[in-house]
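Peer 1: Sending over a structure as structure tokens; questions will come in a sec.
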Amino acid sequence: MSKVLLTVTESRCRCGYLKAGDTFVVEDLCPPICHELWNNIYPSVYALQNGATLDYGNSKEKCFDALCPDEGRVCIHGEVME
């Protein structure tokens, strides 16, 4: 199973949990982020951990970008660690 690196690229987190530049490596357990954001990105993280290539703009890549479901207050980038 591949490791996935999550990087917070922008943050206006209402509760102050996440800051721009925060990084997390996902292996077996979910990282310490709010459950709303985790529920939103988990399918992409799981797919990347298991070898998937995802649609990324006009190409296929081993990464994704996602927004927090709370009005897009947090932007996060996920990518396979090679």
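Peer 1: Considering only protein heavy atoms and a 1.4 Å probe, what is the carbon-and-sulfur percentage of the accessible area of the chain?
Peer 2: Roughly 50 percent, rounded to a whole number.
Peer 1: Given the rule -39500 (n - 2.57) for each run of at least 4 DSSP H residues, summed and divided by the residues of the chain, what is its mean residue ellipticity at 222 nm, to the nearest 500 deg cm²/dmol?
Peer 2: For the chain, the value works out to -6000 deg cm²/dmol.
Peer 1: Can you tell me the accessible area per residue over the chain, all protein chains present, probe 1.4 angstrom, in square angstrom?
Peer 2: Per residue, the chain has 63 Å² of solvent-accessible surface.
Peer 1: From zero up to wherever the largest Cα-Cα distance of the chain sits, split into 5 Å bins and tell me the percent of pairs in each.
Peer 2: Percent of Cα pairs in each bin: 3, 16, 29, 26, 16, 8, 2.
Peer 1: Further question on the same structure: Hey, which lysines would be in cross-link range of residue 3, C-alpha to C-alpha under 21 Å, not counting anything within fewer than 8 residues on its own chain?
Peer 2: 60, 62
Peer 1: Relative to the longest principal Cα axis of the chain, at what angle does helix 35-49 sit, 0 to 90 degrees, rounded to 10?
Peer 2: 10
Peer 1: Which of the trypsin sites (Lys or Arg not before Pro) across segment 14-82 are loop residues per DSSP, with 13 or fewer other Cβ within 10 Å?
Peer 2: 14, 19
Peer 1: Please work out how much accessible surface residue 67 shows to a 1.4 Å probe, ignoring ligands, DNA and RNA, in Å² rounded to 10.
Peer 2: Result for residue 67: roughly 100 Å² accessible.
The values are calculated or read from the model by the stated rules, or taken from the named source; none is laboratory data. Because the structure is a prediction, the values reported are computed rather than measured. We place every Cβ from the backbone using ideal geometry, glycine too, and count neighbours over all the protein chains shown. Only protein heavy atoms, including side chains, enter the accessible area calculation; ligands, DNA and RNA are left aside. Shrake-Rupley method; radii C 1.70, N 1.55, O 1.52, S 1.80 Å.
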